[in-house]
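Written out below as structure tokens is the structure these notes cover.
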Amino acid sequence: VTEIAFYYPTDLRFTCSRCGECCRGSNVLLAEGEADRLASLPWDGADRDLAEIKPGSTLPGDSVPGRLALARREDGACVYLGPSNQCRIHERFGAEAKPLMCRLFPFGFSTLGDRVAVDVSFACKAVREEWGAPLSTQVAEWTRLFPEAPRESKGHRFSRKYDVRGEVLAEVESHLLELLSEERLSLPDRIRAVWEFHRLGTTSDPSTDAARKLREVMRQGIPKQILERPVPHGSETMDKTGRAVFFHLLFLMLNPTPRELFSLSGRAKEREVRLRVQAADAYKFSDARPLIDNRESRATFRAIGAVSPEYLARGDGSSLLARYLGAKIQGQRFMREGDEEIPFLEAVPRLLLSYPMAVWTAKALAAERGAAEAKDVDARGALRLIDRAFGQIRLSLLPSAQRKAFRFVLLETDLPIAATWEMLAAHNPR
Ligand code: SF4
């Protein structure tokens, strides 16, 4: 057996706690032929009720026509989830009978040069609680499952102009990871360092020797410069357009479109869409109650602004968020938009925005429990919500004018930095 070079965040942990959380509320895509295989399982006796079940259904609005996902019950749980949170396929026919995506979760693979990058989902409770065995214990299981997993492209997109080999992308990403763990800088300043690196290092053909040397110099020089240079005046708050983009994306992250929306018809659908648009718009007003995870939050923006984010900017809280950002880079999910790979150049701003978004969400969760400071429980809760939709938000589905405006703001302004400072302000005016 050829050894596969898995590339994964060595500082994370996972052991399945059988909480059943991953079997509720998320879409489990089925590989070709899996729906038929599940339909032919010989259910009988106490499990007779499953014999007539249709295992797969198409996802409304899916970008891949005809693709099936596991059918879900009214309450959002998978049809195979049993009353004691156990998978009935697993109980009756063993782990191998489950769909591939269930067997892989919370992991996913992407090829990057001669290595296989492993994405780790923080939507999984054990992962985000950092509970269980080190990920190195998973290598044997990954090796076994990898041949079954879908294969991905060979080349990678760096910018609209340049494609790169996986090795080059891996080298660029290693700089991002080093900057994210730069001990001399606070996490907000590391975010700034990554942002500067991304801006300066993506202008020319990234595959040349000169570009590689320049990246090396920048990697060394940027932290020193940042240490000597305070935040430039004017970047402490978002401007009106930046704020609109930030909160719109945040709304989408926290409230992935509910599946039922598509099965509504006529008036009911219109009303639901209007409510969602209003809820997204309300993110502008200081006394608005935001919508989080499809339920209206009790906290107002004013209360959220008053929560101290200190814990998330320094110490243990910032190490957790840095581990999260690092895991997204290593797992390549920051390069995804639904089923498409997006260019590195466009992926980095979105990755960096997930930090101020996690800060905002953790503050919102803290405000909901009446706390004056966001703590570990809020940070981990925020990562659950943010990671569930990370890499899934498809700007390509927006109307063209809006898409262009979003793209312009993401690429041409300092939004990730402005959003970072604004979310970290102790008494945020909004
Ligand atoms: S098939 Fe089993 S493991 Fe997969 S989502 Fe359903 S209940 Fe969970």
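Table for the structure above
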quantity: Single unsatisfied condition, Val231 versus (1) in a loop (DSSP other than H, G, I, E, B); (2) β-branched (Val, Ile, Thr); (3) over 30 Å from Phe301 (Cα atoms); calculated: (3)
quantity: Residue pairs meeting the criteria (Cβ under 7 Å; at least 6 apart or on separate chains; first β-branched (Val, Ile, Thr), in segment 26-46; second within 11 Å of the ligand (Cβ to nearest atom)); calculated: Val28/Ala69; Val28/Leu70; Val28/Cys78; Val28/Pro99; Val28/Met101; Val28/Cys102
quantity: Identity of the residue in segment 177-187, assigned to a helix (DSSP H, G or I) and either of a type in the set (A, V, I, L, M, F, W, C) or at pLDDT below 95 (or both), that ends up nearest to Met423 (Cα to Cα); calculated: Leu187
quantity: Residue count, segment 234-275 (criterion: assigned to a loop (DSSP other than H, G, I, E, B) and either at pLDDT below 75 or not charged (D, E, K, R) (or both)); calculated: 11
quantity: Close pairs (6 angstrom Cβ cut-off, 6 or more residues apart or separate chains): at negative phi and modelled with pLDDT under 90 in segment 409-430, assigned to a helix (DSSP H, G or I) and hydrophobic (A, V, I, L, M, F, W, C) anywhere; calculated: Arg430/Phe301
quantity: Subset of segment 154-170 [hydrophobic (A, V, I, L, M, F, W, C) and touching a Leu at 6+ places or on another chain (Cβ under 9 Å)]; calculated: Phe158, Leu169, Ala170
quantity: Any hit, segment 3-22, residues being among the basic types (Lys, Arg), under 28 Å from Pro256 (Cβ atoms) and more than 16 Å from the ligand (Cβ to nearest atom); calculated: yes
quantity: Among the candidates Ala46, Ala35, residue that is among the hydrophobic types (A, V, I, L, M, F, W, C), more than 10 Å from the ligand (Cβ to nearest atom), surrounded by fewer than 18 Cβ atoms within 10 Å (Cβ to Cβ) and outside any strand (DSSP E or B); calculated: Ala46
quantity: Filter pass, Gly66 being surrounded by fewer than 19 Cβ atoms within 10 Å (Cβ to Cβ), away from the ligand (no atom under 15 Å from the Cβ) and either of a type in the set (Lys, Arg) or without any contact (Cβ under 8 Å) to a residue 40 or more places away in the chain (or both); calculated: yes
quantity: Test for Thr58: is it among the β-branched types (Val, Ile, Thr) and either within 14 Å of the ligand (Cβ to nearest atom) or under 30 Å from Tyr7 (Cβ atoms) (or both); calculated: no
quantity: Helices (runs of 4 or more DSSP H) wholly inside segment 282-338 that include at least 1 residues being polar (S, T, N, Q); calculated: 315-331
quantity: Boolean, Glu74 is in contact with a helix residue (DSSP H, G or I) (Cβ under 8 Å, 6 or more places away or on another chain), more than 8 Å from the ligand (Cβ to nearest atom) and acidic (Asp, Glu); calculated: no
quantity: Residue identified as under 25 Å from Met335 (Cβ atoms) and within 12 Å of the ligand (Cβ to nearest atom) among Arg92, Arg88, Arg103; calculated: Arg103
quantity: Matching option when the condition is touching a Pro at 6+ places or on another chain (Cβ under 7 Å), away from the ligand (no atom under 11 Å from the Cβ), part of a loop (DSSP other than H, G, I, E, B) and at pLDDT below 95, among Ser159, Ser153; calculated: Ser159
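The values are calculated or read from the model by the stated rules, or taken from the named source; none is laboratory data. This structure is a prediction, so every number in the text was calculated from the model and none was measured. Glycine gets a Cβ as well: all are built from the backbone with ideal geometry, and neighbour counts include every protein chain shown.
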